[in-house]
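**Student:** There's a structure below that I have some questions on.
The values are calculated or read from the model by the stated rules, or taken from the named source; none is laboratory data. All of these numbers come straight from a predicted model, not from anything done at the bench. No Cβ is skipped: glycine too gets one built from the backbone with ideal geometry, and neighbour counts run over all protein chains shown. What goes into the accessible areas is simple: the full protein's heavy atoms, side chains included, and nothing from ligands, DNA or RNA. Shrake-Rupley method; radii C 1.70, N 1.55, O 1.52, S 1.80 Å.
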Amino acid sequence: ETYLPFELCSSAKEMLDWCKANNMPIRGHVLVWHSQCPDEAFCKDYTIVKTDNRLDPSCFVSRETMLARMESYIDSAMKCMYENGYADIIYAWDVVNEAFEPSDNQDGSLRNSYWYQVIGPDYIYYAFKYARDAVDKYSKQYASLYGVDPSDEAALATIQPKLFYNDYNEFQANKRDAIISYFTDDTISGHNIVGEGLIDGMGMQAHLADNTDIDQFVTAMRMYDEAFGEVHVTELDISQTTTGVNAEHYQGVYYNSLFKAFIDEVENGVNLTSVTIWGLTDDNSWKKETRPLILNRDLSRKIAFDGIVNAVTGEK
């Protein structure tokens, strides 16, 4: 009853196989997220009962059953990656995504999701514990598949993805402070997740606009680095806030300034090790109306592309 299966769909397999053949690193996204977990997962006998378009609490499984379902899903997801030969190209997993919503005003600003309602405020801790346990177990069990000695910790690390928490508006002070407090203090979850070594870093989604305060973003990055030890920018896009002939120029200047700030922070010791732009071309962006990316529909370069390159080269 508690088992939640993990099946590798054909499109995911096609992508993973291509990435493996072309030595393209992959970020696993995401194991626990309120937005795309089927409602059935929280229900007795996987049967939905709704009131006012929300699950009626009468259909919820017990906390213990939901923890077992979470563990079985995370365990089987990790096992699937290892036994199918993908562990050497997956460099990180976003274990939990978007779990904080300060406007909900409860238990350290945790979002009032079904995960929270059924398990409680420590569900994030258990997600990371189950993920770490699965990585430790399957990296050793399948080590020979990757030519790795399971007794060699350094070699084993090459097939052990780093485990991240990921969120948006993460640079805003109230959300930033709530996230850091939850992971470094046992007041809410009963566990110091950072202290127990269950998390490797913070994923800053960085859905920004060309007028977002870069200093505010960088301040949050420094604080996450100090708290977690590593930071990834995971979903970067920068919306244009103006229209007309100068819109792309302002956006390009912002991309340039932001990447200069990233470089400065790394040179000053911040452990920023990955920046991922959230999409390829503007027309396929989830915010396509704001043209937030660095390539046009025909894959031609925007000023934003050159802004990033010039930040690295120092050219104007």
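**Student:** Among Thr65, Thr242, what's the order by accessible area (1.4 angstrom probe), most exposed first?
**Tutor:** Numbers: Thr65 30, Thr242 55 Å².
Greatest to least solvent exposure: Thr242, Thr65.
**Student:** Follow-up question, since we're still on this one. Among all the lysines, which ones have a C-alpha under 19 Å from Lys260's C-alpha, if same-chain residues fewer than 8 places away are not counted?
**Tutor:** Lys260 reaches Lys302, Lys316.
**Student:** Reachable aspartates and glutamates from Lys20, Cα under 16 Å, same-chain residues fewer than 8 places away excluded?
**Tutor:** Glu83, Asp88
**Student:** Enter the accessible area of Phe305 (Å², nearest 10), with the probe set to 1.4 Å and all protein chains included.
**Tutor:** 60
**Student:** Got a number for the accessible area of Asp94? Probe 1.4 Å, square angstrom, nearest 10.
**Tutor:** Counting only protein heavy atoms, the figure is 0 Å².
**Student:** Compute the distance from the alpha-carbon center of the stretch 95-148 to that of the stretch 247-316, in whole Å.
**Tutor:** First find each Cα centre; the distance between them is then 30 Å.
**Student:** For the chain, with every protein chain kept in place, what is the accessible area per residue (1.4 Å probe, Å²)?
**Tutor:** With the other protein chains kept in place, the chain gives 47 Å² per residue.
**Student:** Please arrange Tyr165, Tyr73 by accessible surface area, largest first, computed with a 1.4 Å probe and ligands excluded.
**Tutor:** Tyr73, Tyr165
**Student:** Charges only on Cβ, +1 for Lys and Arg, -1 for Asp and Glu: so what's the dipole of the chain about the Cα centre, in debye to the nearest 20?
**Tutor:** That gives a dipole near 560 debye.
**Student:** Run the 1.4 Å probe and let me know the accessible area of Ser144, rounded to the nearest 10 Å².
**Tutor:** Per-residue accessible area (Ser144): approximately 100 Å².
**Student:** Here's something else I'd like to know. Which of the lysines could a cross-linker bridge to Lys129, judged by Cα under 21 Å and excluding same-chain residues fewer than eight apart?
**Tutor:** Partners found: Lys79, Lys137, Lys140, Lys162.
**Student:** A follow-up question, please. Give me the percent of the accessible area of the chain that comes from carbon and sulfur atoms, probe 1.4 Å, all protein chains in place.
**Tutor:** Roughly 49 percent of what the probe reaches on the chain is carbon or sulfur.
**Student:** Just reorder Trp33, Trp93, Trp286, Trp278 by solvent-accessible area, largest first, 1.4 Å probe, all chains present.
**Tutor:** Values: Trp33 55, Trp93 20, Trp286 155, Trp278 95 Å².
In descending accessible area the options line up as Trp286, Trp278, Trp33, Trp93.
**Student:** At a threshold of 8 angstrom on Cα-Cα distance, excluding pairs fewer than six apart, so keeping six or more, what relative contact order does the stretch 43-179 reach in percent?
**Tutor:** Computed value for the stretch 43-179: 30 percent relative contact order.
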